[in-house]
1. If R₀ is 30 angstrom, what is the calculated FRET efficiency for the pair LEU117 and LEU79, using the beta carbon separation as r and rounding to 0.05?
2. Based on the Kirkwood radius over alpha-carbon pairs, what is the Stokes-Einstein translational diffusion coefficient of region 180-228 at 4 °C with 1.567 mPa s viscosity, in µm²/s?
3. Rule-of-thumb check for the chain: C-alpha Rg over 2.2 N^0.38 Å?
4. If I stretch the segment between ARG65 and ARG34 completely, what's the gain in nm (0.36 nm per residue apart, minus their alpha carbon distance), one decimal?
5. Which number comes out as Rg/Rh for region 60-150 once both Rg and the Kirkwood Rh are worked out on C-alpha atoms?
6. For the chain, calculate the relative contact order in percent as a whole number, restricting contacts to Cα pairs under 8 Å that are 6 or more residues apart.
7. Once Rh is set to the Kirkwood radius over Cα pairs, what Stokes-Einstein translational diffusion coefficient, in µm²/s, holds for region 1-126 at a temperature of 25 °C and a viscosity of 0.890 mPa s?
8. Could you work out which residue, out of LEU114, LEU63, LEU149, moves most in a Gaussian network model of the chain, that is, has the largest mean-square fluctuation with Cα springs under 10 Å?
Amino acid sequence: MSSHDRPMLALALRLVATVLFSVMLLLVKLTGERGIALPETLFWRQALPAVSIFVWLLSRGQLYRLKTRRPWIHARRALIGGTGMFLTLGVVRLLPLAEATILGFTTPMFAVILSALMLKEKVGVWRWTAVMMGLVGVVIIAGPDTGSLPLFGVAVGIGAAFMVALVTVQVRDLGRTEEPLTVVFYFSAFSAPVLALGLLSTGAHHDTTGWLMLGGIGLTGLFAQIAMTASLRYGSVSSVIVVDYVQLAWATFWGWLIFNHLPPATTWIGAPVIIGASLLIAWREHVLAKARVPARSAT
């Protein structure tokens with residue numbers, strides 16, 4: 001066992017991350033209800049983490065930690081990640097919180113497809129079966145006979161999951177040479193100036209509550225990213241991923257408490273199918289990772 005292996009701490013950090021992410025998405029939906037434009041919400045979501053990280057490192061005399069030899073890779077990651085964030089926050093305004101959260105759980109399925117297409121990774125029957133399961137779950141939730149969800153919102157949710165999977169491939173590559181704090185900083189620092197251009201047409205005056213909500217989105221997003229990244233320092237993906245599904249419980253709770261919405265029967269049927277598919281992928285990757293360790297040891 002590695003000296004960094006602290007499974008209980010990893011689970012606790014992941015749980016904190018899911019709570020913070022659920023609060024962030026709730027605030028995104030509430031800002032939409034108040035008429036705050038999505039581009040402005042995105043700007044503050046990115047600007048506050050960039051400024052916070054910079055000021056924190058400056059106060060500690062550790063700006064050297066932001067040094068990078070891969071600025072263009074960071075810029076590409078910001079472009080892809082910014083698009084994914086636009087879709088991720090956008091779907092929250094198009095769909096109820098629970099349904100938007102469930103569609104996000106299709107990310108592992110897209111990660112499998114991208115691994116096969118981009119990384120030329122051999123994908124076996126188990127993971128392809130999981131991909132098909134996930135697609136069945138989406139069809140159940142957004143089935144044309146139910147009429148419960150707008151198809152455009154479902155398409156945005158699936159697009160968001162795809163972009164998050166694409167970002168995962170990028171971050172995995174950056175993680176070989178950059179520490180997590182550096183990756184988070186450049187993602188925010190590169191995208192915030194571009195998003196600032198949107199303020200020219202969407203920026204508006206807000207009351208105190210509106211500003212607090214925008215600030216809350218930036219700060220909860222920042223600390224959620226830090227907690228999620230730290231959880232992977234002390235535990236493997238396969239050991240902590242199950243905690244991510246707690247976010248569905250929080251999304252359902254916020255939807256009921258704030259918006260008086262409970263998911264229909266189709267959602268309760270489709271959600272376990274999607275979650276089961278992503279857990280199957282996580283289990284299979286855990287098995288493959290364990291099998292690779294003896295193989296490396298033998299060489």
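1. E(calc), rounded to 0.05, equals 0.95.
2. It diffuses with D of about 105 µm²/s by this estimate.
3. 1.01
4. Stretched fully, the ARG65-ARG34 segment lengthens by 7.3 nm.
5. 1.11
6. The value is 42 percent.
7. Calculated translational D: 137 µm²/s.
8. In this elastic network of the chain, the residue with the biggest mean-square fluctuation among LEU114, LEU63, LEU149 is LEU63.
The values are calculated or read from the model by the stated rules, or taken from the named source; none is laboratory data. Computed from a predicted model, the values in this text were never measured in an experiment. When we count neighbours, we look across all protein chains shown, and the Cβ atoms used for this are built from the backbone with ideal geometry, even at glycine. Side chains included, ligands, DNA and RNA excluded: accessible areas come from the protein's heavy atoms. Shrake-Rupley method; radii C 1.70, N 1.55, O 1.52, S 1.80 Å.
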